[in-house]
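Student: Right, I'll just put the structure down here and ask away after.
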Amino acid sequence: MEQQAILAIGIFLIIYALIISEKIHRTILAIIGAVLMIALGIVNQETAIHHIDFNTIGLLVGMMIIVGITAETGLFKYVALKAAKLAKGKPTRIMVALVILTAVGSAFLDNVTTVLLMVPVTLSITRQLRINPIPFLLTQIIASNVGGTATLIGDPPNIMIGSAVKELTFMAFIVNLAPIAIIIMVTYIPLFLMMFRKQIRSTPELQQSIMELDEKSMITDSKLLKKCLFALGITILGFFLHQALHLESATVALAGAFLLLLLTGERMLEKAFHSVEWVTLFFFVGLFVLVAGLVETGVIAKLAKQAVELTGGDLFASSMLILWLSAIASAFLDNIPFVATMIPMIQEMGTMGVDNLEPLWWSLALGACLGGNGTLIGASANLVVAGLASKEGYPITFVKYLKYGFPLMILSILLSSVYIYLRYLI
């Protein structure tokens, strides 16, 4: 068994190192790692499949289909332009409006999808105002990770935690995480304006040109829009009620997606499945099997034992260890594989006498989601925005992002530390 454990650690660390190097696509690496775990007999195929969290996969597929079809209607462009006009075309007000929109969108759609919808509109508005879009894009990256922290469906780490711990419902995430997400956003907005106000000045004439644009022309299919809003409304209601209905969140998301497909008919079927990010889903599958190797060989149990010994099982010390470790690790590593490794470790700590695991789960969620703001490689949304910006000739470098992202991330973790202490540990 000792030999198998060393082999499992070796495969995990090599795959992890290659994922960080970004030389080979992370999905290819995760699947290769999973195949090695099975081929070398560390886990058998049946056990490996048992470790794949199909609730996470199903929830992501359902939401990707709903958002993919809704994007076809032009709704998101309409909302962003409407916000810019309500801000009277003033760049500082537009920045605040787009930041709030991104944070709210990330809470209910997921942050990668939100930034994919927001970036093209932001580029279009800044082009009209003839100002540098980078301050807008940087603030949207940060807002997407904070907004995604607030709900079960906002960020992949939350989806994974909610799926692993059945008591943590959609409502539980909102009640426990939305207050601190709001506190962080309220703290950030004046800081954003202070940091970027000199870079986002425009002339009254150009501001007027924003006011002359017609947001209604952005809606390309009003019939489809009504169907999308109906399906989205039913799905979000389902999330609020999923525990009372004894349904998993994946069932709710998939039911909403296929209700929408039923309403839109065959013409949307192809498009819907094109909007599913299969590459991301296979990355999850590979990761779950990689972590299965560490669970089955007892590696995770040993790590949990060491964590309990280090903190003496003290709830405050354990919460702070998980919060800060998650935040620093998630800033430099992808937060999805990190959370996949931490979930079984926290579960193991529960079997070792740590009675109240709830503060530990919220510490992991806050650390992993907010830690993603630390560097450009900290979360998927960051890389998506950087990719879209460089295509338009506005490169966001690792160092440029670090200058703003890392100090703001540390501030959010300090606020979270105080929040966890006051709310759960007094």
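Student: Nearest 0.05, what FRET efficiency do Val399 and Phe258 give at R0 = 51 Å with Cβ-Cβ as r?
Tutor: Computed FRET efficiency for Val399 and Phe258: 0.65.
Student: Still on this structure, please answer the following. For region 178-228 and region 229-263, what is the separation of their Cα centres, given in Å?
Tutor: 29
Student: So which residue, out of Phe136, Phe316, Phe288, gets the largest mean-square fluctuation from a GNM of the chain using Cα contacts under 10 Å as springs?
Tutor: Fluctuation is largest for Phe316.
Student: Along the charge dipole of region 289-426, Cβ charges K/R +1 and D/E -1, which of Val384, Leu303, Leu425 sits furthest on the positive end?
Tutor: Going by the Cα projections, it comes out as Val384.
Student: So, one more: Compute, for region 19-98, the length of the dipole vector about the Cα centre, with Cβ point charges of +1 (Lys, Arg) and -1 (Asp, Glu) only. Units Debye, rounded to 20. The partial results should precede the final answer.
Tutor: Details: 8 positive and 4 negative charges, 188 e Å.
My answer is approximately 900 debye.
Student: Suppose R0 equals 45 Å; then what is the FRET efficiency for Phe230 and Glu2 from their Cβ-Cβ distance, rounded to the nearest 0.05? Intermediate values should be presented prior to the final figure.
Tutor: Values: r = 57 Å, r/R0 = 1.27.
It comes to 0.20.
Student: Could you work out the relative contact order of the chain? I mean the mean sequence separation of Cα pairs under 8 Å and 6+ apart, divided by the number of residues, in percent. Please report the intermediate quantities before stating the final value.
Tutor: On the way: 622 pairs, mean separation 101.6, N = 426.
Relative contact order, the chain: 24 percent.
Student: Relative contact order for region 329-426: what is it in percent, counting Cα pairs under 8 Å that are at least 6 residues apart?
Tutor: 32
Student: Could you work out Rg/(2.2 N^0.38 Å) for region 217-304, with Rg from alpha carbons only?
Tutor: That works out to 1.54 for region 217-304.
Student: What does the charge dipole of region 265-372 about its Cα centre add up to, to the nearest 20 debye, if the Cβ of each Lys and Arg holds +1 and the Cβ of each Asp and Glu holds -1?
Tutor: Approximately 140 debye in magnitude.
Student: Additional query: I'd like to know which of Val146, His51, Leu241 lies farthest towards the positive end of the charge dipole of the chain, counting +1 on Cβ of Lys and Arg and -1 on Cβ of Asp and Glu.
Tutor: Sorting the options by dipole projection puts first Val146.
Student: Taking a 1.4 Å probe, which of Ser249, Ser275 shows the most accessible area, and what order do the others take after it?
Tutor: Ser275, Ser249
Student: Of His274, His50, His246, which has the largest mean-square fluctuation in a 10 Å C-alpha GNM of the chain?
Tutor: Result for the chain, Cα springs under 10 Å: His246 fluctuates most.
Student: Which of Asn111, Ile66, Pro133 sits farthest toward the positive end of the charge dipole of region 60-152, with +1 on the Cβ of Lys and Arg and -1 on the Cβ of Asp and Glu?
Tutor: The listed residue farthest towards the positive side: Pro133.
Student: Further question: Relative to the longest principal axis of the C-alpha atoms of the chain, give the angle of the C-alpha long axis of helix 54-71, reported between 0 and 90° and rounded to the nearest 10°.
Tutor: Its long axis makes an angle of about 10 degrees.
Student: Any idea what angle helix 398-424 forms with the longest principal axis of the chain, computed on alpha-carbon atoms, 0 to 90 degrees, nearest 10?
Tutor: Approximately 60 degrees, to the nearest 10.
Student: Would you mind working out the magnitude of the charge dipole of the chain relative to its Cα centre, with +1 at each Lys and Arg C-beta and -1 at each Asp and Glu C-beta, to the nearest 20 Debye?
Tutor: Computed about the Cα centre, the dipole is about 1840 debye.
Student: With springs only between Cα atoms under 10 Å apart, run a GNM on the chain and tell me which of Ile100, Ile131, Ile142 wobbles the most.
Tutor: Greatest mean-square fluctuation among the candidates belongs to Ile131.
Student: Among the aspartates and glutamates, which fall within straight-line cross-link reach of Lys23, defined as a Cα-Cα distance under 15 Å, with same-chain neighbours fewer than 8 residues apart omitted?
Tutor: Excluding near neighbours in sequence, the set is Asp334.
Student: Roll a 1.4 Å probe over the protein heavy atoms and report the accessible area of Leu109 in Å², nearest 10.
Tutor: 20
Student: Percent of accessible area on region 171-242 owned by carbon and sulfur, 1.4 Å probe?
Tutor: The computed percentage sits at 69.
Student: For the chain, take the longest principal axis of its alpha carbons; what is the angle in degrees between that and the long axis of helix 111-129, to the nearest 10 within 0 to 90?
Tutor: Helix 111-129 and the main axis of the chain meet at about 30 degrees.
Student: Give the lysines whose C-alpha is closer than 23 Å to that of Lys77, dropping any in the same chain fewer than 8 places away, or say none.
Tutor: Partners within reach: Lys85, Lys88, Lys90, Lys216, Lys223, Lys226, Lys227, Lys271, Lys391.
Student: Based solely on its DSSP helices, what 222 nm [θ] is calculated for the chain when runs of n ≥ 4 H residues each add -39,500 (n - 2.57) and the sum is averaged over all residues, nearest 500 deg cm²/dmol? It would help to have the intermediate numbers written out before the result.
Tutor: On the way: 21 runs with 330 residues, N = 426.
Taken over the chain, the calculation gives -25500 deg cm²/dmol.
Student: To continue, here is another question. When only C-alpha pairs under 8 Å and at least 6 residues apart count, what is the relative contact order of region 33-152, in percent?
Tutor: Contact order relative to length: 25 percent.
Student: When ligands, DNA and RNA are left out and all protein chains stay put, how many square angstrom of accessible area per residue does region 229-280 have with a 1.4 Å probe?
Tutor: Here the residues of region 229-280 average 59 Å² of exposed surface.
Student: May I have the extent of the alpha carbons of the chain along their three principal axes, as whole Å values ordered from largest to smallest?
Tutor: The Cα atoms of the chain stretch 71, 50, 44 Å along the principal axes, largest first.
The values are calculated or read from the model by the stated rules, or taken from the named source; none is laboratory data. Note that the structure is a prediction, hence the values are computed from the model and not measured. Note that we place each Cβ from the backbone using ideal geometry, even for glycine, and neighbour counts take in every protein chain shown. Areas reflect the complete protein model, heavy atoms only, side chains present, ligands, DNA and RNA absent. Shrake-Rupley method; radii C 1.70, N 1.55, O 1.52, S 1.80 Å.
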